[in-house]
Structure formats: structure tokens, C-alpha cells
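Note sheet for the following structure.
Throughout, read-outs are computed from the coordinates displayed, never taken from laboratory work. Since we're looking at a predicted model, the values are computed, not measured. FYI the Cβ positions are ideal-geometry reconstructions off the backbone, even for glycines, and counts take in every protein chain you see.
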Amino acid sequence: MSENRNLTVISVLAYNNPAVLLRMTGLFYRRGFNIETMVACQTDRPSLSRLTVTMTGHNAEIRQVRQQLLKLEDIVKVDVLSIDDCSASELALIKVSATADTRKQVLNAAQAYGCRVLDIGENTITLEMTGRDEEVNRFVRYMQPFGIVEMGCTGVTALARGDTTIFEGLDG
Amino acid sequence: MKLNGSEILIECLLEQGVDTVFGYPGGTVLNIYDALYKNSHRINHVLTAHEQGASHAADGYSRATGKVGVCIATSGPGATNLVTGIATAYMDSIPMVAITGNVAVNLLGRDSFQEIDITGVTIPITKHNFLVKDVNDLADTIRLAFEIAQSGRPGPVLVDIPKDVSAAVAEYVPAPASKPRPINPPKPERLAQAIEILKQAKRPLIYMGGGVIAAGAYQQIRALAEKLDIPVCSSLMGLGGFPADHPLWLGMVGMHGTRAANIATRDCDALIVCGARFSDRVAGNPKGFAAGAKIIHMDVDHAEFDKNVQVTVRLAGELKEVLFTVASRLEETKRPEWIAACTANKVEWPAIPTDPEGPVDPSVILRTLRELTDRNTILATDVGQHQMWSAQFYPQYLPRHLLTSGGLGTMGYGMGAAIGAQFGQPDSRVVLVTGDGCFHMNLNELTTMVSHQLPVVVLVMNNRVLGMVRQWQKVFYEKRFSATDPERQTDYVKLAEAFGAKGLVIAKNGDILPVLSEALATDGPVVVDCRISKDANVLPMIPPGGSVENMIESMEAYEQ
Ligand SMILES: Cc1ncc(C[n+]2csc(CCOP(=O)(O)OP(=O)(O)O)c2C)c(N)n1
Ligand SMILES: [Mg+2]
């Protein structure tokens with residue numbers, strides 16, 4: 001099929017039951033769904049969690065993922081959004097080496113990219129970058145020449161644009 | 001009313017209308033077995049020889065009755081012994097509730113004696129499962145388990161109950177039996193699209209599967225086929241959902257399906273797929289399957305659409321309702337040419353050989369059995385060549401009368417399934433067709449049949465080889481018969497007698513009729529050693545990945 005393979009956000013609302021992550025990841029594994037990122041968090045409703053999954057695939061594949069997810073008893077709702085229809089963001093913590101010579105440059109770059117400086121060590125600076133995945137990647141590439149000593153990254157979390165929410169259509 | 005967890009479990013099973021459970025005791029289910037003992041006048045517990053037997057019995061009970069099957073096992077090895085039976089039920093969408101004991105809550109997670117994370121183990125093979133850590137949640141969990149098992153596309157649910165939970169006391173408040181959840185009807189525009197396709201169709205075909213049996217949609221599928229004059233074929237799982245003596249019946253479709261059914265899928269211009277899932281045993285080549293047809297897929301499970309084969313219209317919904325709606329919106333049609341073209345491909349069975357000293361042909365055993373038994377006879381099978389011969393040569397006229405492991409292909413399924421079916425349908429005759437390989441897997445359950453004097457006829461199609469695997473070695477591995485010729489010396493008659501059953505032998509063609517008659521007249525379990533040739537094949541055969549063009553119809557012709 002010549003259909004485009006787009007980066008898709010799958011927003012899942014699930015009951016907070018102990019094995020819900022295991023059930024979801026097991027499903028992705030055994031059905032061979034190639035997910036890119038997955039982020040879990042609480043919602044303002046105590047019994048419900050939100051899981052944000054990103055995946056690149058044809059419409060038919062994404063549809064299959066959604067339908068298989070909906071068969072899991074703990075899953076309440078699955079919304080599929082194109083990445084362009086969401087406010088999306090991820091977070092990276094980057095520890096960059098910073099000698100007396102380069103420290104200034106690193107801090108300037110951080111400021112230019114709107115990063116927070118979280119920590120300054122003897123030979124390193126730890127920065128926090130948030131944004132869309134291409135922005136984060138661009139920043140990481142920019143910092144590489146300074147020497148990235150360590151890095152941690154979350155996956156994408158996303159909300160639909162406009163006034164719609166994942167809770168729409170749920171009673172109570 | 002204050003009850004302990006085990007008593008609550010029994011009350012909840014009774015609420016659901018459960019009268020028979022299959023199981024095996026052990027340390028962590030002692031409380032449950034104590035409650036079963038005290039309630040033995042209200043609920044029947046059948047002790048099997050092995051937990052696998054109990055799981056297949058619960059499955060066979062469910063397939064034969066349409067009710068939810070229940071099995072019980074202790075923690076650790078008891079629970080893991082259920083796994084094959086749960087997976088078998090999962091693959092064939094059979095409603096089942098499996099109850100396991102586990103170590104006390106404070107011992108969980110410490111590798112305690114006989115502790116297994118059975119909910120973790122069974123996530124991929126259950127619709128859902130539960131670990132109940134608080135006795136106050138137990139009753140509603142059991143009710144929910146029954147609801148899930150029966151809702152939508154049915155399947156197994158496991159409830160794991162730690163030992164202290166089965167002893168702890170809670171308030172029990174009775175509740176009515178769980179009901180399956182309501183199912184939304186298909187979208188009107190999709191229905192309209194399907195109707196339009198069927199109006200235009202010149203060569204429509206129905207391919208049905210186990211979903212028709214699960215939904216009880218036999219009348220509706222027949223009504224649609226008759227009103228629109230549409231020929232019908234079925235997967236292994238759908239056999240019995242449409243009467244095999246109906247003029248529109250083309251037989252089983254797929255790898256070992258009939259020539260008529262497979263050619264019809266190639267030639268049709270509209271295919272109604274009803275409660276079936278295009279498994280690789282049906283659509284070996286998914287791209288080439290019904291390539292010239294618009295496909296209308298009716299199923300209760302939305303995830304089945306476009307999973308294996310891309311379809312034209314998806315009709316999600318309750319099958320009875322969907323079939324009824326579609327039929328009611330279309331005019332009666334006659335298409336004698338298409339029907340004639342389809343039925344012309346039906347292959348007549350050869351005459352039954354009359355030489356009494358001749359060799360024993362498995363198809364003749366099955367055809368003779370068909371003549372000797374009424375339509376209410378339940379046929380359980382194991383897995384292998386004998387299973388396919390059973391599907392081919394023991395035509396089904398009624399739903400829920402063929403019990404066979406289609407999705408998982410579980411060798412050893414048959415003994416337990418036959419036991420479960422006989423408990424579920426005490427007035428029906430139950431016959432098990434097994435192979436020498438399968439029988440050796442779970443023949444221990446002969447002891448269960450003897451304890452309960454179940455009049456099950458066990459036909460061992462004894463080719464002395466793992467015939468189906470050997471057939472593949474013949475066709476695809478240049479006859480290198482690796483590990484398929486075990487040269488077992490088992491004396492089946494002595495074996496049966498040692499268990500307290502009757503043993504008979506069919507050694508030549510002339511034995512078939514008298515020995516089958518004797519077996520069927522026996523009041524208690526009988527094992528019949530049916531000595532067939534190790535070289536008999538299951539034909540026709542479409543090799544994996546192939547289409548009807550690649551169908552092997554004669555081994556001699558293929559080998560040249
Ligand atoms: C539990 C299990 N193990 C292995 C297989 C693979 N298998 C499929 S058919 C078959 C041979 C069955 O032999 P037998 O029961 O003698 O039946 P036959 O084909 O000879 O009729 C085997 C080994 C299986 N389906 N199930
Ligand atoms: Mg054999």
C-alpha cells in the first residue's frame with residue numbers, strides 16, 4: 001500500500017489496575033506492534049490512568065492496534081490522533097561535559113533553546129529540554145560536539161488540540 | 001449472610017447456574033474443596049486424572065452445552081497444568097472460568113511453596129484474569145468473570161484465589177446470574193453498502209466459522225442462504241452450524257477442505273464471511289483468497305476486521321441480528337447456474353469396499369459410524385489426520401456436536417472434551433476419534449471415564465505413527481520420517497482392561513460394522529484399536545501459503 005505511514009499518537013484511558021501496563025505491553029509484544037514511546041501517568045480521576053503511545057504505521061495497522069487495545073478489559077477508551085492534531089511534548093535531561101573553556105558556550109546554547117539548567121557539576125552541566133521530538137532531537141544534535149555524558153528521555157505525551165478531551169463520551 | 005470465601009465461591013457458581021465443575025485438589029484449594037464437600041448435593045465435582053483433563057473437560061462441557069465451563073486447580077503445578085486447556089479454549093473462543101488457588105496473600109511474591117504467578121502466565125491466553133486479594137471483592141469478581149467469559153466474543157477467564165482469601169469471612173449478598181453485555185448494531189451506512197453488494201452479486205458465497213455456533217445464528221444463516229440462494233462453506237470450527245445434507249452445502253473450506261468449497265472461494269464475486277477469521281488454515285494465501293470477490297465480514301469482534309484479509313465492508317454486531325437484517329432487506333433470488341457450477345465440483349465418495357479381509361480404511365470407519373449413530377451423537381476428536389478425516393467423513397447436521405481443537409490444535413484435547421461433553425449431555429452418545437499419538441498423551445483420563453461409567457466410545461485410529469506430521473514429512477521433507485514412527489508396542493485391549501474399560505479391535509474391513517456395533521451397544525467406556533495403514537493420507541491438501549490451484553488431490557499424482 002502506498003498510504004503514508006504517519007507518526008500517530010494513541011491516547012489510552014485505563015483503569016488503574018495493577019497489571020494494566022503488563023497487559024498492554026504484552027499485547028504489543030505478542031502481536032508485533034512496533035511502538036516508539038509509551039508514557040503512563042495518573043489523571044485527575046483517581047481510578048483512571050492515561051497512557052500515551054506513539055507509533056508509526058499504516059491506517060490499517062493503527063486501527064488493528066486500537067481494536068486489540070479495546071478488547072483489554074481494563075481499557076476504557078482509545079483515541080487515535082495524528083501528531084499534528086495534538087499538543088505534544090517530551091522531556092530530555094542531558095548531562096553535557098563543560099570545561100572552563102566551554103561552560104559559557106553550553107550555557108548560552110541552553111538559553112537560546114529555552115532549556116532549564118538543573119545542575120552544574122565540576123565538569124558537567126545538566127540541562128532539561130522539553131518540546132516536540134524534533135525540537136529535542138535538534139537540541140541534542142547541537143550539544144553533541146560538547147560531549148554528552150549521559151542522557152535520559154521520556155516519551156511523548158500529548159493532548160488533543162482545541163477543547164476536546166479524552167473523557168468525552170464517558171459517563172460520570 | 002456471613003460466609004467464608006470458599007462458600008461464597010460456591011454460592012456464586014450456583015448463582016450462575018453451574019451444576020458441574022471439573023478439577024483436582026491441592027494445598028491452596030483445600031478450603032474450596034471443603035466447601036465442595038459440604039455442598040456436594042448442590043454442585044457436582046468431577047475429579048479428573050490430571051488438571052489438563054479438567055480444563056479440556058470444562059471446554060468440552062461448554063462446547064456441547066453452550067454454557068460456561070468451570071475448572072478448578074491448586075496453585076503452582078496445578079495451575080500450570082491448566083494452561084494448555086485454557087489456551088485451547090481461548091483460541092476457539094469457548095467461554096470458561098478457571099479457578100486457581102494461590103498461596104496466602106502475605107506469601108505472594110516470595111517464591112513460596114507452589115507459588116506461581118498464574119495471572120501473569122495466562123494474560124496472553126485469557127480474555128481477562130483476576131487475582132483476588134480481598135474476600136470482600138470475591139463475589140463480584142466471580143460474577144464479572146462469568147460476564148466477561150460470555151460477552152461479545154466468548155473466551156476463558158481465570159480467577160486466582162489466595163488460600164487465606166478462600167478462608168476469610170465476608171458478607172454474602174445473593175445476585176442474579178451475569179448476563180452477556182449488549183452488542184451495538186452495525187452502522188447503517190455499512191449495512192446499506194453490504195446490501196448493495198449482495199444485490200449486484202451474481203456469484204455470492206457464504207464462508208462461516210465458529211462465531212455462528214457461539215452466537216447460535218444457525219437459523220439466520222440458513223434463512224439468508226435459502227432466501228438468496230447462496231452456497232455455504234465453513235471452517236472446521238463452523239461445522240454443524242449448517243446441515244451437511246442441505247443442497248447449498250459445499251463442505252469445509254481451506255487446507256483440507258473440499259474441492260467444491262475451495263473452488264467456490266476462488267470463483268465467487270461476493271463473499272459473506274460470518275463469524276470466521278481467515279485463519280491461515282483457511283486462507284493459506286491471504287492475498288489470493290477470494291481475490292475476485294467483494295468481501296462482507298460479519299463479526300462480533302471488531303479486531304478481526306482487516307486482521308488477516310482486507311475486506312470491503314465490516315459489519316460489526318450480533319450475528320443473529322446482522323444476518324436477519326441483511327436477509328430481510330433483500331429480495332428472494334434464484335441462481336441455478338451458479339449453484340450448479342458450485343455443486344458440480346462436489347466429489348462423490350467411493351463405494352464402501354465389501355471384501356471382509358481387506359484393509360481398514362479410516363474413512364470407512366467414520367462413514368459406517370455415521371450410519372450407526374443418530375444426529376444427536378457428539379463427536380469429539382483429537383488432532384492429526386484422524387481429526388481431518390472426522391471433519392470430512394462424519395458429516396455434521398447439528399451445532400455443538402463436533403468438539404475439536406481448531407485454533408490451537410491441541411493433541412490430547414479429546415479425552416477431556418469427551419468427558420465434559422458426556423457430563424453436559426448425559427442423554428447423547430459421545431464418541432471420541434483419537435490417534436495413537438494423541439491417545440498416548442492423555443489416556444490417563446480413561447480412569448475418569450471408568451470411575452463414572454461414562455459410555456464413551458474411544459476410537460483410536462491406530463496408524464502407529466504421528467500421521468499428520470509424517471504426511472508433511474512425506475510431502476515437504478522428502479520422506480525423512482524424523483521422530484514420527486515411535487514403534488510403540490501398546491496393547492490397547494489390555495490397556496483398556498487394565499483401566500477397567502472394555503477393549504476391542506478392528507483389524508480388517510469386515511470387523512468395522514460388527515465391532516462398531518458392539519462398541520456402541522456397550523454401557524461404559526470402550527477403547528477400539530482401529531488398525532489402519534500408516535500410509536493413509538488426508539486429501540485434498542492445499543500446501544501452506546497456497547491456493548486452490550496448488551491443491552494436491554492424489555499423492556501418487558503429486559509424487560510424479
Ligand atoms: C500437543 C501437541 N504436540 C504436537 C503437535 C503436532 N502434531 C500435530 S498432529 C500430530 C500427530 C498426531 O498423531 P496421532 O495422534 O497418531 O494422529 P494421526 O495424525 O496419526 O491421525 C502432531 C505431533 C500438536 N498438534 N499438539
Ligand atoms: Mg497416528
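A few comments on the model shown:
- Taking A:Glu122, A:Glu36, A:Glu90 as the candidate residues, the one with maximal mean-square fluctuation in a Gaussian network model of chain A, Cα springs under 10 Å, is A:Glu122.
- Computed FRET value (nearest 0.05) for B:Glu357 with B:Arg266, which takes r as the C-beta separation and R₀ as 56 Å: 0.85
- Short-range pairs are left out: with C-alpha atoms under 8 Å and at least six residues apart, the relative contact order of chain B is 14 percent.
- For region B:362-559: relative contact order, % (alpha-carbon pairs under 8 angstrom, 6 or more apart): 19
- From its DSSP helices (H runs of at least four residues, each -39,500 (n - 2.57)), the protein assembly as shown gives a residue-normalised ellipticity at 222 nm of -10000 deg cm²/dmol.
- Point-charge dipole on Cβ atoms (K/R +1, D/E -1) for the protein assembly as shown, about Cα centre, debye to 20: 940
- Put simply, the amide H of B:Leu504, placed in the peptide plane, has neighbours under 5 Å in B:Val527, B:Val528, B:Asp529, leaving out anything fewer than 5 places away on its chain.
- Dipole magnitude (debye, nearest 20) for chain B, charges at Cβ of Lys, Arg, Asp, Glu: 1060
- For region B:2-171: rounded, prolate or oblate by the Cα gyration tensor [a/c cutoff 1.5]: rounded
- From most to least packed by mean Cβ count within 10 Å, the peptides B:79-86, A:57-64 give B:79-86, A:57-64.
- Per-residue shielding of A:64-75, expressed as the average number of other chain Cβ atoms within 10 Å of the residue Cβ, stands at 4.
- Sequence-distant lysines (8 or more away, or on other chains) whose Cα lies within less than 24 Å of B:Lys479: B:Lys534
- As a proxy for reagent exposure, B:Ile123, B:Ile213 were ordered by neighbouring Cβ count within 10 angstrom, fewest first; the result is B:Ile123, B:Ile213.
- Per-residue Karplus couplings for region B:66-82, computed as 6.51 cos²θ - 1.76 cosθ + 1.60 with θ equal to phi - 60°, are listed in order as x, 8, 6, x, 10, 10, 9, 8, 6, 5, x, x, x, 5, 5, 5, 7 Hz, Gly and Pro entered as x.
- Mean per-residue shielding of peptide B:126-134 is 2, counting Cβ atoms of other chains within 10 Å of each Cβ.
- Across A:Lys77/B:Lys320; B:Lys346/B:Lys508; B:Lys294/B:Lys346; B:Lys38/B:Lys320; B:Lys227/B:Lys294; B:Lys67/B:Lys163, pairs whose alpha-carbon gap is larger than 31 Å: B:Lys38/B:Lys320
- DSSP-defined beta bridges in chain B - what % are antiparallel, rounded to 5: 5
- The protein assembly as shown: antiparallel DSSP beta bridges as a percent of all, rounded to 5: 45
- Loop-exposed GluC sites (Glu not before Pro) per DSSP, neighbour cap 10 Cβ within 10 angstrom, longest uninterrupted part of chain B: B:1-330
- Options A:His58, A:Val39, A:Ala112, ranked by Cα towards positive dipole end of region A:19-119, top entry (Cβ charges): A:Val39
- For peptide A:26-36, the mean count of partner chain Cβ atoms within 10 Å of a residue's Cβ comes to 1.
- Taking amide hydrogens as placed 1.01 Å from N in the peptide plane, the amide H of B:Asn44 sits under 5 Å from those of B:Thr20, B:Val21, each at least 5 positions away in sequence or on another chain.
- Among B:Val212, B:Leu224, A:Val140 - extreme Cα towards positive end, dipole of the protein assembly as shown, charges at beta-carbon: B:Leu224
- Rounded to the nearest 20 debye, dipole of region A:87-157 from Cβ charges on Lys, Arg, Asp, Glu: 180
- In straight-distance terms, cross-link reach from A:Lys104 covers every one of the aspartates and glutamates whose alpha-carbon lies under 15 Å from its own, apart from those fewer than eight places away in the same chain; here that gives A:Asp119, A:Glu122.
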